[in-house]
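Undergrad: Below: one structure in structure tokens.
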Amino acid sequence: MSDAVVKSADRALVVLEFVAERSAATFSEIADGLALPRSSAHGLLNTLASSGWLVFDPATKLYSLGLRAWQVGQRYEGHRDIVAAAQPRMDALAAQLGETVQLARLDGLENVYIAISDSPNPMRLASSVGMRLPSYATGIGKALLSMLDPADAGHRLRAIERRAYTAHTVTGADELLAVLGAARAQRFAVDDEEFTEGCRCVAVPLTRMDAAGLYTAMSVTMPTFRTTEEWPRDVLGPLRDTAAAIQDSLGIAAP
């Protein structure tokens, strides 16, 4: 950890992220999951609860995010314009295709979902706004990484341990860079059961705003059994049309 990092502040942020990812967690789950000394964990959790960042339920012994976290989150405007322009068009695309449409931005080597339009079908992808997934194992993540300079993408990939989520997950850095090169050339990326068995995804880059460090991509995700022999081409056309409509509404060019 850098000398410039304040350990107590860093621990507080890590605790908030840990609880947010799980919706709720007990004291033991937090302390053990983050390897925190129990003596300091008590004080840290009490401070976060008393200031409204966490809420403690004495009946269930669970900590969850507090109102303060929601209030601060509502003030974040980094991708508000993009979501506002994209959401109604994503809703229309989900209705047209009958599949889940997602919008994500790149954060390090993870894709963070910032808008979702659920499939009207009862069997569909379970995801939520705010969810973070490893970009190298998802279609939308690879679309995001394809917008980076290849040297930057390679540096990010080699900096982490890349695990296989299914038998189809590509984990080799050189192989992944070749995949990203192909995605960059064809302007779309796919996930063919690489993150979840029985699930396919096709994604396209949406925006690249270098000054703001904001890279976004949009995807259509569906169960493998609902794909046709023409996949992903049969989905790619409507997806690209929707992306172009969003870009036009924002007054930006395709990345």
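The values are calculated or read from the model by the stated rules, or taken from the named source; none is laboratory data. All values derive from a computational prediction rather than experimental measurement. For neighbour counting, all protein chains shown are included, and Cβ atoms are generated from backbone atoms with ideal geometry for every residue, glycine included.
Undergrad: Just checking, which of Gly198, Gly172 is at positive phi and not hydroxyl-bearing (Ser, Thr, Tyr)?
TA: From the options Gly198, Gly172, the qualifying one is Gly198.
Undergrad: Filter the range 233-254 for residues that are part of a helix (DSSP H, G or I) and among the small types (Gly, Ala, Ser); which is farthest from Val204 (Cα to Cα)?
TA: Restricting to residues being part of a helix (DSSP H, G or I) and among the small types (Gly, Ala, Ser), the top hit is Ser249.
Undergrad: Is there a residue in the range 213-220 that is under 14 Å from Ile140 (Cα atoms), assigned by TED's automatic domain parsing to the domain that holds Leu144, of a type in the set (Phe, Trp, Tyr) and touching a Leu at 6+ places or on another chain (Cβ under 6 Å)?
TA: Yes, there is a match, as at least one residue in the range 213-220 is under 14 Å from Ile140 (Cα atoms), assigned by TED's automatic domain parsing to the domain that holds Leu144, of a type in the set (Phe, Trp, Tyr) and touching a Leu at 6+ places or on another chain (Cβ under 6 Å).
Undergrad: Enumerate the pairs (first residue in the range 27-45 and more than 19 Å from Gly66 (Cα to Cα); second residue anywhere and modelled with pLDDT of 90 or more and hydroxyl-bearing (Ser, Thr, Tyr)) with beta-carbon separation below 9 Å, excluding pairs fewer than 6 apart on the same chain, so at least 6 apart or on different chains.
TA: Listed pairs, sorted by first residue: Arg38/Ser28.
For every residue, the table says whether it meets (1) over 14 Å from Ile82 (Cα atoms); (2) buried (at least 16 other Cβ atoms within 10 Å of the Cβ).
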site	(1), (2)
Tyr215	no, yes
Thr228	yes, no
Trp231	yes, yes
Val235	yes, yes
Leu239	yes, yes
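Undergrad: Scan the range 220-234 residue by residue and report those that are in contact (Cβ under 8 Å) with a residue 12 or more places away in the chain, out of contact with any Lys or Arg (no Cβ under 7 Å at 6 or more places or on another chain) and not β-branched (Val, Ile, Thr).
TA: Once the filter is applied, which keeps residues that are in contact (Cβ under 8 Å) with a residue 12 or more places away in the chain, out of contact with any Lys or Arg (no Cβ under 7 Å at 6 or more places or on another chain) and not β-branched (Val, Ile, Thr), the range 220-234 yields Pro223, Phe225, Arg226, Pro232.
Undergrad: A further question follows. Count, please, the residues in the range 85-107 that happen to be out of contact with any helix residue (DSSP H, G or I) (no Cβ under 7 Å at 6 or more places or on another chain), farther than 16 Å from Arg200 by Cα and either surrounded by fewer than 18 Cβ atoms within 10 Å (Cβ to Cβ) or of a type in the set (Gly, Ala, Ser) (or both).
TA: Count: 6.
Undergrad: It is to be established whether one or more residues within the range 150-170 are of a type in the set (Gly, Ala, Ser), without any contact (Cβ under 8 Å) to a residue 60 or more places away in the chain, closer than 18 Å to Asp191 by Cα and surrounded by fewer than 19 Cβ atoms within 10 Å (Cβ to Cβ).
TA: Yes, the conditions are met somewhere in the range 150-170.
Undergrad: Considering Leu206, Leu176, which residue is assigned by TED's automatic domain parsing to the domain that holds Ala126 and closer than 25 Å to Ala244 by Cα?
TA: Step by step, each of Leu206, Leu176 is checked, and only Leu206 is assigned by TED's automatic domain parsing to the domain that holds Ala126 and closer than 25 Å to Ala244 by Cα.
Undergrad: With the condition kept exactly as written, say whether any residue in the range 166-175 is in contact with a Gly (Cβ under 6 Å, 6 or more places away or on another chain), modelled with pLDDT of 95 or more and part of a helix (DSSP H, G or I).
TA: no
Undergrad: Just to be sure I understand, how many residues within the range 117-133 are surrounded by 15 or more Cβ atoms within 10 Å (Cβ to Cβ) and either at pLDDT 95 or above or farther than 30 Å from Ala159 by Cα (or both)?
TA: So the answer is 4.
Undergrad: Which residues, taken from the range 21-60, are surrounded by fewer than 13 Cβ atoms within 10 Å (Cβ to Cβ) and in contact with a Ser or Thr (Cβ under 8 Å, 6 or more places away or on another chain)?
TA: Of everything in the range 21-60, those that are surrounded by fewer than 13 Cβ atoms within 10 Å (Cβ to Cβ) and in contact with a Ser or Thr (Cβ under 8 Å, 6 or more places away or on another chain) turn out to be Ser23, Asp57.
Undergrad: Let me ask something else. Return only the number of the condition from (1) within 16 Å of Val202 (Cβ to Cβ); (2) assigned to a helix (DSSP H, G or I); (3) not polar (S, T, N, Q) that Leu125 does not satisfy.
TA: (2)
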